[in-house]
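**Q** Before we start, here is the structure in question, set down as structure tokens.
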Amino acid sequence: MPKLLAAIVLCLSIFVSAAIAQKQERDPTLEAPILEKLKAAAPGSAETFVAATKALDADKFAEAEQLYSQVLEKAPDFDPALRRKAYALAGLGKRVDALALTEKAL
């Protein structure tokens, strides 16, 4: 039950953030370790992950969801891709699917 509650709170925070967020550039110093971890887990997927993140940041949720799916085919337990795909799904109004991915990321 605590895990489900945490997932719900996380999902709700994603929805609220989407509603009030101002567009900001991602910090390259914070993104770099994420990309290095992905390169180790699934060589060749980093470019797709970057493209997915750019699509997500531009509110191109369908494109982001598709690209994160490609990353997850090669790195199915890569938490940043799971979380960001969940955000894309939430942006598409697929809240149940977003919640399921959020729970998996936990």
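Taken together, the values in this text are just the output of simple stated rules run on the coordinates, not laboratory data. Keep in mind the model is a prediction, meaning the values are calculated, not measured. As a convention, Cβ positions derive from the backbone with ideal geometry for all residues, glycine included, and neighbour counts pool all protein chains shown.
**Q** Taking the Cα centre of each part, how many Å lie between the stretch 28-42 and the stretch 54-100?
**A** Using only Cα atoms to place each centre, the spacing works out to 17 Å.
**Q** Also, I was wondering about something else. Taking a point 7 angstrom from the Cα of Lys94 along the C-beta vector, which residues in the stretch 51-83 have backbone N less than 12 Å away?
**A** Residues passing the 12 Å test: 61-70.
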